[in-house]
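K.L.:
Dropping the structure in here first, questions after.
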Amino acid sequence: MVNINNPNEVLAAVKCGDLYSNDPVKAKEEYRLLVQKYHPDRSKEARAEDVFRKIRDLYAQAESLFVSGQWEESNVREFKTKEGKYKRLKFIKEFPFELGVQYVASSVVVYVLEAEHKKYFDNALQRVSSLRYENKAMEDEFKRYFPEFMDKFETAAGEWVLVIKKTKDFVRLQDLLNYYQGKIEPRHAAWMLSRLGSICCFLDYNGLAHNGISLENCFVSPENHSIALLGGWWYCVGQGEKMLGTQKQIYDVMGPLIKTNKAGCITTDLESIKLMGRELLNKAQVPDSYQAWLEKGSADSARKEFVGWNTALRNSYGPRKFISMEVGEKEVYSL
C-alpha cells in the first residue's frame, strides 16, 4: 500500500488495493482517516481536491469489489490453483513472452505458461531436475546459476506456473541493458560473456542444448559479477534430439542451421551468447580481438569456444581485473 501521508503517492494510486486493505472493516477505517486528512474543507494541501477525489473514487471501487468477492491492487497477481487454493504474488514488473507472462519480484521469478503449453512446462522441470554434476565442487559452483523451483502448479484456468527462487541482487539482463540506455560498458559485457561461456560449458558437459539463452531469460548480479540462467528451459533438449522450439531472435540468427538439422546443438547456445554480446555492446568500440570473436562463427564445442574467448579477452585487456558495477534492483527498477 502507498504512504498515505504522501499526497503524491495517493494520487499515483491506480487500484483500490493500492490504498485500502482487502477487508471491509479495515478499509472503512482507512477511508475515514484519509478523509479527515485530505478533505478540502480541512486540509491545507494545495491538491486537496484532487487527492480527496482519488480517495473517494478508489473507496467506491473497493466497496463494489467487496460485494463481487474480487480485489484489485497494482503489481499484484492472485492465482487460484486447480485445487482451489489461493496464492498471492507481489511483483515489480511483468513481461509478456512467447509462451505466457513473466513476473519479476525481489525474491522470485515467476513464469506463467498458457494452458496449451503444458509440454514446455513439463520439459523445463524434467531438464533442470536431470542436471548432473561430476563432483561436489562442480555442483557448488554451477547449481546456483540454474533454477531452484520453489513452487509449481496448475491454475484453475489451466495455466502452468513455475516459481523460481531469486536473490534481490539479481536483475533481468534486458532490464539492466535498458537502464544503461541500450549499451553496456565493454569490460562489463566481457565478464558477462565469460559467465555465459562457463554456463555453456556446463550444458555441453550435460549433453544439452538450451535453445533459450537470451537477455530476457538471464538474470545478472552486477554486485557479484554473476549470471543465472533462469528462463527458457522449456526449449532445452538433448544434443541430437528433435528441437521443441526457440525464441524468435535466436531463430533469426540460427534459422538455416535449425532448418537443416532440426535437432539440439550446442552451436545454437554459443551463437546465442555472441548475439547477446552484440546486443549488450550495441556497436560500442572494442579491441580488435574482442570484435573478431563476436563476429566469428562458433566452434563445435563450448570448451573450444571458451578457450578462444579467453584468448581474445586476454589480448584485449591483459590480466583480468574486478571492476565494480554499482547498480542494483533499486536503480534498475526505479524502486
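K.L.:
Check off (1) surrounded by 15 or more Cβ atoms within 10 Å (Cβ to Cβ); (2) over 28 Å from GLU78 (Cα atoms); (3) small (Gly, Ala, Ser) for ALA46 and give me the number that stays unchecked.
P.N.:
With (1) surrounded by 15 or more Cβ atoms within 10 Å (Cβ to Cβ); (2) over 28 Å from GLU78 (Cα atoms); (3) small (Gly, Ala, Ser) applied to ALA46, the lone miss is (1).
K.L.:
Ok, one more. Checking the structure you have, find out if any residue of the stretch 176-190 is in a strand (DSSP E or B), touching a strand residue (DSSP E or B) at 6+ places or on another chain (Cβ under 8 Å), in contact (Cβ under 8 Å) with a residue 12 or more places away in the chain and surrounded by 23 or more Cβ atoms within 10 Å (Cβ to Cβ).
P.N.:
Going residue by residue through the stretch 176-190, those that are in a strand (DSSP E or B) are none.
Within the stretch 176-190, none of the residues are in a strand (DSSP E or B), touching a strand residue (DSSP E or B) at 6+ places or on another chain (Cβ under 8 Å), in contact (Cβ under 8 Å) with a residue 12 or more places away in the chain and surrounded by 23 or more Cβ atoms within 10 Å (Cβ to Cβ).
K.L.:
Moving to a separate point now. Is it the case that the stretch 21-31 has a residue that's within 29 Å of the chain's Cα centre (by Cα), on the phi < 0 side of the Ramachandran plot and open to solvent by less than 90 Å² (accessible area, probe 1.4 Å)?
P.N.:
Keep residues of the stretch 21-31 that are within 29 Å of the chain's Cα centre (by Cα), which gives 21-22.
Next, from what is left, pick out any that are on the phi < 0 side of the Ramachandran plot: 21-22.
Imposing the further condition that a residue be open to solvent by less than 90 Å² (accessible area, probe 1.4 Å) reduces the set to 21.
The answer is yes, given that some residue of the stretch 21-31 is within 29 Å of the chain's Cα centre (by Cα), on the phi < 0 side of the Ramachandran plot and open to solvent by less than 90 Å² (accessible area, probe 1.4 Å).
K.L.:
Looking for something open to solvent by 50 Å² or more (accessible area, probe 1.4 Å) and among the aliphatic types (A, V, I, L, M) - is there at least one such residue anywhere in the stretch 73-87?
P.N.:
Initial filter on the stretch 73-87 (open to solvent by 50 Å² or more (accessible area, probe 1.4 Å)): 75, 77-78, 80, 82-83, 85-87.
Filter once more, so that each one left must be among the aliphatic types (A, V, I, L, M): none.
No, the stretch 73-87 has no match at all.
K.L.:
Next question. Select, from LYS165, LYS242, the only residue that is surrounded by fewer than 19 Cβ atoms within 10 Å (Cβ to Cβ), of a type outside the set (Val, Ile, Thr) and closer than 19 Å to VAL108 by Cα.
P.N.:
Details: LYS242 fails: closer than 19 Å to VAL108 by Cα.
Answer to the check: LYS165.
K.L.:
I'd like to check something: does the stretch 168-178 contain any residue that is at pLDDT below 95, under 17 Å from the mean Cα position of the chain (by Cα) and farther than 27 Å from TYR317 by Cβ?
P.N.:
Yes, there is a match, as at least one residue in the stretch 168-178 is at pLDDT below 95, under 17 Å from the mean Cα position of the chain (by Cα) and farther than 27 Å from TYR317 by Cβ.
K.L.:
A further question follows. Could you please find all residues in the stretch 313-335 being within 27 Å of VAL109 (Cα to Cα) and not in a helix (DSSP H, G or I)?
P.N.:
Within the stretch 313-335, SER324, MET325, GLU326, VAL327, GLY328, TYR333, SER334, LEU335 qualify.
K.L.:
Now a separate question. Got a number for residues in the stretch 143-175 being without any contact (Cβ under 8 Å) to a residue 24 or more places away in the chain and acidic (Asp, Glu)?
P.N.:
In the first step, residues of the stretch 143-175 are kept if they are without any contact (Cβ under 8 Å) to a residue 24 or more places away in the chain; the result is 143, 148.
Next, from what is left, pick out any that are acidic (Asp, Glu): 148.
The qualifying residues number 1.
K.L.:
State all residues of the stretch 227-238 that are out of contact with any helix residue (DSSP H, G or I) (no Cβ under 6 Å at 6 or more places or on another chain) and either in a loop (DSSP other than H, G, I, E, B) or open to solvent by 30 Å² or more (accessible area, probe 1.4 Å) (or both); if no residue qualifies, say none. Talk me through it step by step, then tell me what you get.
P.N.:
Looking only at the stretch 227-238, we keep the residues that are out of contact with any helix residue (DSSP H, G or I) (no Cβ under 6 Å at 6 or more places or on another chain), and these are 230-232, 235, 237-238.
Within the stretch 227-238, LEU230, GLY231, GLY232 meet the criteria.
The values are calculated or read from the model by the stated rules, or taken from the named source; none is laboratory data. Only a predicted model underlies this, so the values are computations on that prediction, with no experimental measurement involved. Please note: Cβ atoms are built from the backbone with ideal geometry, for glycine as well, and neighbour counts cover all protein chains shown. Heavy atoms of the whole protein, side chains included, go into the accessibility calculation; ligands, DNA and RNA do not. Shrake-Rupley method; radii C 1.70, N 1.55, O 1.52, S 1.80 Å.
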